[in-house]
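Let me begin by presenting the structure, written as structure tokens, before commenting on it.
The values are calculated or read from the model by the stated rules, or taken from the named source; none is laboratory data. Note that this is a predicted model, so its numbers are computed, not measured. In this analysis, Cβ positions are derived from the backbone assuming ideal geometry, glycine residues included, and neighbour counts consider all displayed protein chains. Ligands, DNA and RNA are stripped out before the accessible areas are found, and what is left, the full protein with its side chains, is counted by its heavy atoms. Shrake-Rupley method; radii C 1.70, N 1.55, O 1.52, S 1.80 Å.
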Amino acid sequence: MFDILVYLYETYYRPDACPEPAALARKLSAVGFDEIEISEAIVWLNDLTEMAGAEPNAAFSSSGTRFYVAQEFDALGSAAIGFIQFLDSAGVLSAVQREIVVERALALDESPVGLGKLKIIVLMLLWSQGKEPDALMFDGLFGSDDERAPALLH
């Protein structure tokens with residue numbers, strides 16, 4: 001599914017340039033993607049688009065601290081939660097966007113969610129909202145996923 005999401009991001013520079021689901025499914029099939037993955041990706045992307053386009057709820061406008069319950073922590077893992085907290089504290093994600101990222105990550109059938117996949121979720125959220133990540137954030141999203149190597153400052 002994530003290969004399809006990356007393909008969509010690279011192929012359709014704006015979400016409104018992306019064809020309707022039926023036409024998109026035919027195009028993805030013609031490119032060689034598996035029918036089951038296509039179906040999963042379209043459902044996941046439709047849910048993301050619906051959530052990203054919804055009016056912000058006052059409960060999500062809070063500037064308070066986000067605590068993760070045990071189920072979320074187990075499903076996301078410490079690397080994903082750390083990255084979400086980094087994006088939140090850097091002002092890259094609003095509280096509403098953060099909750100969308102968490103919900104879309106929890107919708108996956110894997111635990112813990114890999115950091116690379118979480119970065120794709122963030123990228124797809126920004127893409128679905130017509131927002132382009134700045135150069136520094138783009139490097140963070142597509143930089144090394146090697147969690148063992150510390151970032152160097154020089």
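Applying a threshold of 8 Å to beta carbon distances and a minimum spacing of six or more residues, or different chains, the list of pairs starting in segment 3-17 at a residue that is more than 11 Å from M124 (Cβ to Cβ) and ending at one that is part of a helix (DSSP H, G or I) and open to solvent by 40 Å² or more (accessible area, probe 1.4 Å) reads D3/E37; Y7/V31. Remark: pairs (first residue in segment 30-51, over 24 Å from V102 (Cβ atoms); second residue modelled with pLDDT of 90 or more and open to solvent by less than 60 Å² (accessible area, probe 1.4 Å); Cβ separation under 6 Å; 6+ apart in sequence or on different chains) = F33/I4; I38/A25; I38/L28. Number of residues in segment 1-25 that are surrounded by fewer than 12 Cβ atoms within 10 Å (Cβ to Cβ), over 21 Å from G116 (Cβ atoms) and either at pLDDT 90 or above or not aliphatic (A, V, I, L, M) (or both): the value is 6.
Here L125 meets the list (1) free of Cβ contacts under 8 Å to residues at least 12 places away in the same chain; (2) surrounded by 17 or more Cβ atoms within 10 Å (Cβ to Cβ); (3) not acidic (D, E) almost entirely, failing just condition (1).
Every condition in (1) of a type in the set (A, V, I, L, M, F, W, C); (2) over 22 Å from E103 (Cα atoms); (3) part of a helix (DSSP H, G or I) holds for I4 except the one numbered (2).
Residue check: is V43 under 16 Å from R104 (Cα atoms), open to solvent by 70 Å² or more (accessible area, probe 1.4 Å) and among the β-branched types (V, I, T)? Steps first, please.
Values: under 16 Å from R104 (Cα atoms): yes; open to solvent by 70 Å² or more (accessible area, probe 1.4 Å): yes; among the β-branched types (V, I, T): yes.
Considered against the rule, which asks whether it is under 16 Å from R104 (Cα atoms), open to solvent by 70 Å² or more (accessible area, probe 1.4 Å) and among the β-branched types (V, I, T), V43 comes out as yes.
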